[in-house]
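Working notes for the structure below.
Since every read-out is calculated from the coordinates, none of them should be taken as a lab result. Bear in mind that the values here come from a model prediction, so they are computed numbers and not experimental data. Cβ placement follows ideal geometry from the backbone for every residue including glycine, while neighbour counts extend to all protein chains displayed.
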Amino acid sequence: MTLADPQTSPDDLIKEGSDAGFMDDVIAQSKIQPVIVDFWATWCGPCRTLTPALEKQVRAAGGAVKLVKIDVDKNPAYAGQLRVQSIPTVYAFVNGQPVDGFQGAIPESQIKAFIEKLSGGESVNSDVEQLLALGEESLGLSDFGGAAQAFAHVLTIEPENQKAIAGMARVYLAGGDADQARQTIAMAPQDSTEPSVVSVRAQLALSSSAPSGETAALEAQVKADPNDHQARYDLALAQAAEGDLKGSVDSLLTIVQADRDWNDQAARKHLLVVFEAAGLSSDVSKDGRRRLSSILFS
């Protein structure tokens with residue numbers, strides 16, 4: 001399947017229908033792509049569960065199907081012709097004909113399967129993965145515009161995709177806009193364990209804890225007195241805030257090796273934050289953890 005047009009809002013896939021517009025919105029459109037019709041009413045309790053789930057999965061399908069919602073109290077004609085006897089009732093139209101359907105509120109997993117079957121069994125998962133990979137590649141090449149476009153496209157398909165949310169936040173961080181990065185990462189659940197979300201939040205924590213002194217001045221202090229652990233610790237914070245996570249790890253490990261208990265083990269504790277910011281599977285974290293273990297258990 002092809003990707004949805006990134007300029008098209010996901011809400012364009014969902015429409016409030018009517019008897020007057022049924023031929024255009026359902027019959028005609030179903031000759032272009034499958035159309036799902038949701039027959040509902042304001043007084044229907046199960047409809048309040050089913051309709052939002054339908055909308056979510058239609059958006060997640062990324063343009064593979066459209067949804068038309070019809071209030072049967074205001075628009076009884078086609079509901080009568082289709083012999084809708086209870087609501088919610090859902091029909092799927094292809095090439096102007098009803099081809100599938102169901103009654104009542106069903107689990108979201110079944111709605112997803114219903115849509116995938118309707119669209120030929122195709123899924124947007126591969127498209128999302130390709131876009132996420134493109135975003136990562138663009139970030140690696142410092143193509144922040146391309147990265148932003150890729151991650152934003154994912155969010156039009158899956159608005160709650162945590163990897164894309166973190167990707168957008170990283171774009172803002174790379175551009176020096178920490179405030180926008182904080183607003184963006186706030187879209188992810190507070191208890192998220194997604195590594196990319198954890199990494200961004202750790203990076204923001206590092207940037208907010210950086211001292212006011214410049215890195216060059218702190219380096220000079222450390223060079224003048226290698227045993228000045230506070231200066232080296234401040235240097236590590238400044239290095240991390242500037243994105244030099246490897247340098248920060250080196251500075252913190254130097255403190256741990258010299259005095260692991262300094263300042264209530266502040267260096268060792270901050271190392272864990274730096275590892276999170278770098279990503280626990282990154283080379284920086286793997287090498288840093290190996291060196292930390294060697295120091296602690298030697």
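Once the Cα atoms of helix 108-118 and of the chain are each reduced to a long axis, what angle between those two axes, in degrees from 0 to 90 to the nearest 10, is obtained?
So the helix axis and the longest Cα principal axis differ by about 60 degrees.
Pop a pseudo-label 7 angstrom from the Cα along the beta-carbon direction at both A217 and N95 and give the gap in nm to one decimal.
Between A217 and N95, the label points sit 7.6 nm apart.
Using packing as a proxy for protection, rank 231-237, 13-19 so that the peptide with the highest average count of other Cβ atoms within 10 Å comes first.
Working: 231-237: 24.4, 13-19: 17.3.
Final packing ranking: 231-237, 13-19.
Tell me the label-point distance for the pair Q149, E194, using the 7 Å Cα-to-Cβ offset, in nm and rounded to one decimal.
My value for the distance between the label points is 2.3 nm.
Please arrange V249, V222 by counting, for each residue, the other beta carbons lying within 10 Å of its beta carbon, fewest first. Walk me through the numbers before you get to the answer.
On the way: V249 25, V222 20.
Exposure proxy ranking, most exposed first: V222, V249.
If neighbour count is taken as other Cβ atoms inside 10 Å, put V26, V198 in order from fewest to most.
V198, V26
Given axes a ≥ b ≥ c from the Cα gyration tensor, I'd like to know whether the range 215-296 is rounded (a/c under 1.5), prolate (a/b larger than b/c) or oblate. Intermediate results must be reported in sequence, preceding the final value.
Details: a/c = 2.01, a/b = 1.28, b/c = 1.57.
Oblate, since a/c reaches 1.5 and b/c is not below a/b.
Apply 1/(1 + (r/R0)^6) to the Cβ-Cβ distance of R48 and E137, taking R0 = 45 Å, and write down the FRET efficiency to the nearest 0.05.
Working: r = 42 Å, r/R0 = 0.94.
Efficiency for this residue pair is about 0.60.
222 nm [θ] for the chain, helices only, -39500 (n - 2.57) per DSSP H run of 4+, per residue, to 500? Don't skip to the end; give the middle numbers.
Working: 13 runs with 165 residues, N = 298.
The per-residue figure over the chain is -17500 deg cm²/dmol.
Going highest first, how would you order 184-195, 150-161 by mean Cβ packing within 10 Å? It would help to have the intermediate numbers written out before the result.
Numbers: 184-195: 14.6, 150-161: 20.2.
Top to bottom by mean Cβ count within 10 Å: 150-161, 184-195.
Going highest first, how would you order 127-136, 239-248 by mean Cβ packing within 10 Å?
Listed from highest to lowest mean packing, they are 239-248, 127-136.
Share of antiparallel DSSP beta bridges in the chain, in percent to the nearest 5? Before the final figure, lay out the partial values.
On the way: 11 of 20 bridges.
Given both bridge residues lie in the chain, the antiparallel proportion sits at roughly 55 percent.
Assuming 1.002 mPa s and 20 °C, estimate D for the range 24-117 with Stokes-Einstein, Rh taken as the Kirkwood radius over Cα pairs, in µm²/s. Write out the running numbers ahead of the final one.
Numbers: Rh = 13.2 Å.
The Stokes-Einstein estimate is 163 µm²/s.
Using a basic spin-label model with each label point 7 Å from the Cα along Cα→Cβ, how many nm lie between Q183 and K286?
For Q183 paired with K286, the spin-label model returns 3.8 nm.
Could you pull out the chymotrypsin sites (Phe, Trp or Tyr not before Pro) across the range 16-116 that fall in loop regions by DSSP (anything but H, G, I, E, B) with no more than 15 other Cβ atoms inside 10 Å? If you can, show how the numbers build up before the last one.
Numbers: sites: F22, F39, W40, W43, Y78, Y91, F93, F102, F114; in loops: W43.
Sites meeting the loop and neighbour criteria: W43.
Which lysines, on any chain, are close to K246 with Cα under 18 Å apart, when same-chain ones fewer than 8 places away are left out?
Output for K246: K269, K286.
Within the P(r) computed for the chain, what percentage of the Cα pairs occupies the region above 33 Å?
Numbers: 19700 of 44253 pairs.
Cα-Cα pairs in the chain separated by more than 33 Å: 45 percent.
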